[in-house]
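Single-structure report; data block below.
The values are calculated or read from the model by the stated rules, or taken from the named source; none is laboratory data. Since the structure is predicted, the reported quantities are computational estimates derived from the model, not experimental observations. Here Cβ is always computed from backbone atoms with ideal geometry, including for glycine, and neighbour counts include all displayed protein chains. Side chains included, ligands, DNA and RNA excluded: accessible areas come from the protein's heavy atoms. Shrake-Rupley method; radii C 1.70, N 1.55, O 1.52, S 1.80 Å.
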Amino acid sequence: MDPVPASPDNDLTAARRSWMGLLARARPEALAALMPAPLPLHRDLRAPEIGTMMVRGRIGGAGAPFSLGEITVTRATLHLEDGPTGHALVQGRDRAHARRAALVDALMQTDAAVQIRESILAPLTRAETARRQGRAAKAAATRVEFFTLVRGEDK
Amino acid sequence: MYVAVKGGERAIDNAHAWLAEERRGDTAVAELSVAQIREQLKLSVDRVMAEGSLFDPDLAALAIKQARGDLIEAIFLIRAYRTTLPRFGATLPVETATMAVIRRVSATFRDVPGGQVLGPTFDYTHRLLDFALAAEGLNPPEAAGASPEGLDSVPHVMGFLNREGLIEEAGAGDEVPPDLTREALELPANRALRLQALARGDEGFLLSLAYSTQRGYGNTHAFVGELRIGQVVVEAEIPELGFSVEIGEVELSECETVNQFGGSKTEPPQFTRGYGLVFGQSERKALSMSLVDRALRWKELGESHNPAPARDEEFVLSHCDNIQATGFLEHIKLPHYVDFQSELELIRRLRAAATPEQEEE
């Protein structure tokens, strides 16, 4: 994304991108556990739908794009009763995951935001951080430390 | 005259029922779950995702179960399934420089920022069968942890080692790349299209081609500039919202090779690059892909003609897809009674013409 100038609108967009990303990356079962049925009242604008997206890579890691292969995704759009619209585009084929992600997106635009952040987003963030740190720590333990051996020729 | 023949329906039904029974195997042995395949046969799952060209570990694991472990059959199932799904669009290009690496090694430069990270590798194992694994219920030793300082953002080796300008630039551009799942492959292909074909190409085929270049059939004296494996965030635009969001994470294997290059009429002497990027943990494939990518670039680098198989774009791209290959190869075992009947007639007539006396006796 191109850098955008700071403004209240852009702050909101940045915050929204951040929670939508977190919800998409979350394990479906983790989100479901934090948000058990019955779900808040809502109406589907676009019922959860499974499809694919073509993932692009970059030639040489930094050059022009190329088509790498597809990924399964599920998207959903809904709105709360007389409330804001929520969107979700999440990896995988779990319709309930997309529905819950869209619901949280909508709820985060209401007065319930503080409570939702506390009860859903915060635990998801903690779980993700723990997962990432755990992998990074294991990777770090396999980092090679080189020792330079002094050889005999020089005296 | 063409006579349509029907039949075999009952035989086919019974064959499929027996296939299902054989798939299950001895019912005294516990059944494999899809989750077990996903978690414990991960590298098979990764290969099916890479060559099926669809990142979805659960689907790949299911395909492996259904195919009784025949990975090409599983890839076939994935390719068939993906055609049933609507395409919502394309993601932004993944930025592998931001990869959360679990493995990252360079065979060319020892002291790289972030260090040499071995990760969960088979390298340095003794390749001795471990009979302890035959006993069930043993818990593996817990992997050690250490401070992940410097691992949060690991820059590409090639980028910061190119200060002298001795390595070819990666190039730039943001044009919409071709997609051979939308438009049939046309030759000559540009590098983006070649990389797509190689990324979904057969690992064995690419391995052999890459090996052939090392042995002298289209010499690509390659060094591994960098090999990295890890999670990369995938981001996509949401048109309704007018901004992009992260939609998930994929595991990728990426390989960059550097190749000595004496220069040509158009290019100065420098190190040139080959690139491989593959879904999942598939470093053999990523490495093979980068060698073959480099071999196929001979024309754009102004290298002299050398008729090696790995440098022949038409040969490589037309034969690297194992589903196309197996489809055409395996169809010959299906009934060709009418075709063969005509061949038989032809041979009889030719023989009659060639040896009239004998035929008359």
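Just name one of B:Ala170, B:Ser208, B:Ala132: the one whose Cα is farthest towards the positive end of the charge dipole of chain B (beta-carbon charges, Lys/Arg +1, Asp/Glu -1).
B:Ser208
Could you put B:Val154, B:Val224, B:Val338 in order of accessible surface area, largest first, with the 1.4 Å probe and the full protein assembly present?
On the way: B:Val154 0, B:Val224 35, B:Val338 85 Å².
I get B:Val338, B:Val224, B:Val154, largest accessible area first.
Give, rounded to the nearest 20 debye, the magnitude of the charge dipole that the protein assembly as shown has about its Cα centre when Lys and Arg contribute +1 at Cβ and Asp and Glu contribute -1 at Cβ.
Working: 57 positive and 74 negative charges, 163 e Å.
Taking the Cα centre of the protein assembly as shown as origin, the dipole is about 780 debye.
Can you give the accessible area buried between chains A and B, summed over both chains, with a 1.4 Å probe, in Å² to the nearest 100? Write down the numbers at each step before the final one.
Details: alone 11200 and 23820 Å², together 29160 Å².
Roughly 5900 Å² of accessible surface disappears when A and B pair.
Not counting ligands, DNA or RNA, and with a 1.4 Å probe, what is A:Arg135's accessible surface area in Å² rounded to the nearest 10?
For A:Arg135, the solvent-accessible surface is approximately 100 Å².
Evaluate the Kirkwood expression for the hydrodynamic radius of region A:43-109, namely the inverse of the mean inverse distance over all pairs of different C-alpha atoms, and round to one decimal in Å. Please report the intermediate quantities before stating the final value.
Values: mean 1/r = 0.0772 Å⁻¹.
Kirkwood hydrodynamic radius for region A:43-109: 13.0 Å.
Which whole-angstrom value gives the distance between the alpha carbon centres of region B:128-204 and region A:55-85?
Each part's Cα centre sits 20 Å from the other's.
Over the alpha-carbon set of region B:223-262, work out the extent along each principal axis and list the three values in angstrom, largest first.
51, 23, 7
At a 1.4 Å probe, what is the % contribution of carbon and sulfur to the accessible area of chain A? Can you show the working numbers first?
Working: 4420 of 8190 Å².
Carbon and sulfur atoms account for 54 percent of the accessible area of chain A.
Pairwise over distinct Cα atoms, reciprocal of the mean inverse distance: report the Kirkwood radius of chain A in Å, one decimal place. Show your work: numbers first, answer last.
Working: mean 1/r = 0.0542 Å⁻¹.
One over the average 1/r among Cα pairs gives 18.4 Å for chain A.
Could you please state how large a percent of the accessible area of chain B is carbon and sulfur, counting protein chains only and using a 1.4 Å probe? The partial results should precede the final answer.
Working: 11790 of 20970 Å².
About 56 percent, which is the carbon plus sulfur part of the accessible surface.
Using a 1.4 Å probe, what is the accessible area per residue for the protein assembly as shown, in Å²?
Details: 29160 Å² over 516 residues.
I get 57 Å² per residue for this part.
Jot down the per residue volume, in cubic angstrom and as a whole number, of the convex hull over the alpha-carbon atoms of chain B.
Details: hull volume 97.7 nm³, N = 361.
Convex hull volume per residue, Cα atoms: 271 Å³.
Between beta-carbons, use under 11 Å as the cut-off and find the net charge around A:Met108, counting Lys and Arg +1, Asp and Glu -1. Let's see the in-between values first.
Working: positive: A:Arg16, A:Arg117; negative: A:Asp105, A:Asp111.
Once all neighbours under 11 Å are counted, the net charge is 0.
Two-decimal Rg/Rh of region B:9-82 from alpha-carbon positions, Kirkwood Rh?
On the way: Rg = 13.1 Å, Rh = 12.8 Å.
We get a ratio of 1.02 for region B:9-82.
Got a sec? Which residues of region A:65-87 lose 10 Å² or more of accessible surface with every protein chain in place, vs. that chain alone, 1.4 Å probe?
A:Pro65, A:Phe66, A:Ser67, A:Leu68, A:Gly69, A:Glu70, A:Ile71, A:Thr72, A:Val73, A:Arg75, A:His87
Checking the table B:Lys42/B:Lys285; B:Lys42/B:Lys65; A:Lys138/B:Lys65; A:Lys138/B:Lys42 against a 24 Å threshold on Cα-Cα, which pairs fail?
Cα-Cα > 24 Å for A:Lys138/B:Lys65; rest within.
Using the scaling law 2.2 N^0.38 Å as the reference, what is the normalised Cα Rg of region A:84-145?
Values: Rg = 16.3 Å, N = 62, 2.2 N^0.38 = 10.6 Å.
My calculation over the Cα atoms of region A:84-145 gives 1.54.
May I ask what percent, to the nearest 5, of DSSP beta bridges between residues of the protein assembly as shown are antiparallel? Show your work: numbers first, answer last.
On the way: 54 of 61 bridges.
Counting DSSP beta bridges with both partners in the protein assembly as shown, the antiparallel share is about 90 percent.
Relative contact order for region B:232-283: what is it in percent, counting Cα pairs under 8 Å that are at least 6 residues apart? Walk me through the numbers before you get to the answer.
Details: 83 pairs, mean separation 17.1, N = 52.
Over region B:232-283, the number comes to 33 percent.
Averaging over every viewing direction, what projected area does the convex hull of the Cα atoms of the protein assembly as shown cover, in nm²? Don't skip to the answer; put the middle values down first.
Values: hull surface 157.3 nm².
Average projection, Cα convex hull of the protein assembly as shown: 39.3 nm².
Summarise the partner chain shielding of B:85-98 as one whole number: the mean count of Cβ atoms from other chains within 10 Å of each residue's Cβ. Before the final figure, lay out the partial values.
Details: counts 8, 4, 5, 11, 6, 8, 10, 4, 13, 7, 4, 5, 3, 0.
Mean partner shielding for this stretch: 6.
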